[in-house]
């Protein structure tokens, strides 16, 4: 795993903070050992054993929480210059439907499909791409059902053309109305 300069600086600061916390804890415990009156023997015993362990785990938890919140999930990224291709009210029960798009200039691709009718109908969207300029190869299949969208995404496009093949599929009755959305993003 490679770190940027700012990430490396953050990791170095966290590591130094852990080392400094350990040194401070050792000094405090050493002074507690000498300067406490006899009436504080139970506290002295607690701080030497269980208290040190508890403080150590709290320190580790705080450091881990800080690091994971800093390197955790990132906010979404906005893309401009995208294109939406809509295929509405397709009927794969009459015949297999083929749709082809030129996707060479797009980096990310998303295909969404939803069966609109009948209520319990299903359809299959097969996605073909010509990887590295070769012949069409099947990349994925989406099983589309009514009342919910199904999605396929490709974060790094390597195809010049994308072919969508819509057919009836699954064990449910065949779809008579299906919507397919193709999102194309340049970055």
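Go through the range 159-178 and count every residue that is touching a residue at least 60 places away in the same chain (Cβ under 8 Å), in a loop (DSSP other than H, G, I, E, B) and over 19 Å from residue 86 (Cα atoms).
The total comes to 0.
Would you point out which residue out of 181, 156 is outside any strand (DSSP E or B) and surrounded by fewer than 17 Cβ atoms within 10 Å (Cβ to Cβ)?
Answer to the check: 156.
Mind counting the residues in the range 143-182 that are under 19 Å from the mean Cα position of the chain (by Cα) and more than 13 Å from residue 127 (Cβ to Cβ)?
3
Each value in this text was obtained by applying a stated rule to the coordinates, not by laboratory testing. Treat the numbers as computed from the prediction; the structure is a model and nothing was measured. Because the Cβ atoms are built from the backbone with ideal geometry, glycine has one as well, and the counts that use them run over all protein chains shown.
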